[in-house]
1. What percent does the relative contact order of segment 2-133 come to when contacts are Cα pairs within less than 8 Å and at least six residues apart?
2. So what J values fall out for segment 94-110 if you push phi through Karplus, 6.51 cos²θ - 1.76 cosθ + 1.60 with θ = phi - 60°, rounded to Hz, Gly and Pro as x?
3. Provide the per-residue ³J(HN,Hα) series for segment 61-77, in order, calculated from phi with Karplus coefficients 6.51, -1.76, 1.60 and θ = phi - 60°, each as a whole number of Hz, with x at glycine and proline positions.
Amino acid sequence: MAIFRLIFNIAWFVLGGFVMGLAWWLAGILCFISIIGIPFGRACFVIGEMAFWPFGQQTVNRRHLTGEHDLGTGTMGMVGNIIWFLFFGIWLAIGHLTHALACFITIIGIPFGIQHLKLALLSLTPIGQTVVPNEQY
């Protein structure tokens, strides 16, 4: 299974993963400009790493993973997601949707398009989510 994951991740990297990973990291750098944006920036770098190599990883709600509430899974997380959506989320989602449509043109690109759709949904509301290996959850 690991060899298939590696092959899919390499193909993904070429078919939009590199561009969208850089887009996530650019959003993270822009978030670090203000002190308030530092938690958003940190999340951008974690999700950006997943955007480079998504196969074998998934995102889960931290509340479901740990069983505990934290700042990102409550009301403040919802407010953070609204702010995120207005400044960065919509643009990252559009980028992932564009790449997904391009991947869906060919049959071989369908799994990559599905990954782009998953990342597009994640880019709309990333606060309160965490990246874990598929084996962990």
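1. Details: 161 pairs, mean separation 38.7, N = 132.
The value is 29 percent.
2. Karplus-based 3J(HN,Hα) across segment 94-110 equals 4, x, 5, 5, 4, 5, 4, 4, 5, 6, 6, 5, 10, 5, 5, x, 4 Hz.
3. So the J values, rounded to whole Hz, are 5, 4, 5, 6, 6, 9, x, 10, 7, 9, 4, x, 9, x, 5, 5, x.
Every read-out reported here was derived from the displayed coordinates using simple, explicitly stated rules and does not represent laboratory data. Being a predicted model, the structure only gives us computed values, none of them experimental.
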